[in-house]
1. Evaluate Rg over Rh across the range 102-228, taking Cα atoms for both radii and Kirkwood's formula for Rh.
2. Kirkwood hydrodynamic radius (Cα pairs, Å) of the range 65-132?
3. Quick one: pull the percent of accessible area on the range 24-182 belonging to carbon and sulfur, 1.4 Å probe, ligands and nucleic acids left out.
4. Just want to confirm a number: the relative contact order over the chain, from Cα pairs under 8 angstrom separated by 6+ residues, in percent.
5. Over all Cα pairs of the range 173-257, how is the pair count split among 10 Å bins, expressed in % and running from 0 up to the last occupied bin?
6. About the Cα centre of the range 116-216, how large is the charge dipole given +1 on each Lys and Arg Cβ and -1 on each Asp and Glu Cβ? Please answer in debye to the nearest 20.
7. Could you run the Karplus curve 6.51 cos²θ - 1.76 cosθ + 1.60 with θ = phi - 60° over the range 91-98 and give me ³J(HN,Hα) per residue in whole Hz, x for Gly and Pro?
8. Two decimals, Cα atoms only, Kirkwood Rh: what is Rg/Rh over the range 24-107?
Amino acid sequence: QFGLQLLQTSHMEAFFRDKHLHHYLSLAEESYAQRLESQHHWMKKLSTEHDNMLAAIFWADKHSPEHFVRLTGAISWYWNIINFLIGTDYLESALSKDVKKSVATAAVLQGFGMFQWWTGDLPRGIELLEESLNLFHQFNNLVEEANVSTELSRLYHTAEKHEKGIECSKRSHDLAIKIGNPGLINSCLSFICMSHIFIKQYDKALPIAIEVIAASEKLEQPDILVRTHHFYSDCALGTGDFVEAEKKIRFDSRESYKI
């Protein structure tokens with residue numbers, strides 16, 4: 001507090017706040033780009049730096065709408081895993097900013113769409129994710145097209161629109177194979193597994209779950225690891241193996257995140 005008072009009285013606060021903002025914007029955008037390849041590293045890093053991220057977001061909100069949109073969109077993936085309530089208001093505010101639509105806008109739509117899923121507003125979530133998908137397609141961003149398609153798959157299945165859900169999960173996996181990114185392929189494959197579970201094809205889902213769990217451990221993708229342990233449990237439950245189902249559902253996600 002004393003340091004902040006000195007900064008304010010020196011009339012240099014805006015200069016250093018801007019430097020702080022640009023540093024953490026760069027960090028957030030790097031995490032967004034690498035959130036599948038280096039997920040464990042970035043979850044630990046962002047957990048340590050989260051207060052600085054919020055300080056940068058607060059400053060950007062008051063002084064730079066474009067940077068505010070970029071920063072909130074780039075950090076939304078982390079909020080979605082840790083606690084979606086943290087970012088809900090920031091993302092909603094980002095969508096109201098009068099800025100030119102961009103890849104950052106698509107990322108905000110993606111993040112806020114998933115938050116609608118968490119709160120149960122499926123129609124709104126699907127609408128936002130479809131808009132995000134269209135923007136990423138417009139900007140020829142195949143990686144994010146694949147990522148948003150996986151999330152749309154989850155929402156469509158939850159809404160019991162299983163044909164659309166299967167279509168989205170297959171599209172995401174096809175794009176991931178085309179791109180050739182191992183982390184992205186593993187993430188998209190986990191949603192192929194999910195699609196099989198929703199339509200009760202447990203014999204097809206189980207070997208995929210086993211494959212994804214092994215790959216997630218190797219690639220250090222804790223979020224996908226936790227999710228796929230859940231899918232494995234669903235397979236066991238669906239086939240009546242309640243002991244195995246309980247074992248997998250008790251998987252300690254905190255040990256996996258280690259942050």
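The values are calculated or read from the model by the stated rules, or taken from the named source; none is laboratory data. Since the model is a prediction, treat every value here as computed from it, not as a measurement. Cβ atoms come from the backbone with ideal geometry, glycine included; neighbour counts cover every protein chain shown. Note: areas computed on protein heavy atoms with side chains; ligands, DNA, RNA excluded. Shrake-Rupley method; radii C 1.70, N 1.55, O 1.52, S 1.80 Å.
1. Over the Cα atoms of the range 102-228, Rg/Rh equals 0.96.
2. Mean inverse Cα-Cα distance, inverted, gives 11.4 Å.
3. Taking all protein chains in place, the range 24-182 shows 50 percent carbon and sulfur surface.
4. It rounds to 14 percent for the chain.
5. In whole percents, the pair-distance histogram is 20, 50, 26, 4.
6. 240
7. 5, 5, 5, 4, 5, 8, 6, 8
8. Checking Rg against Rh, the ratio lands at 0.94.
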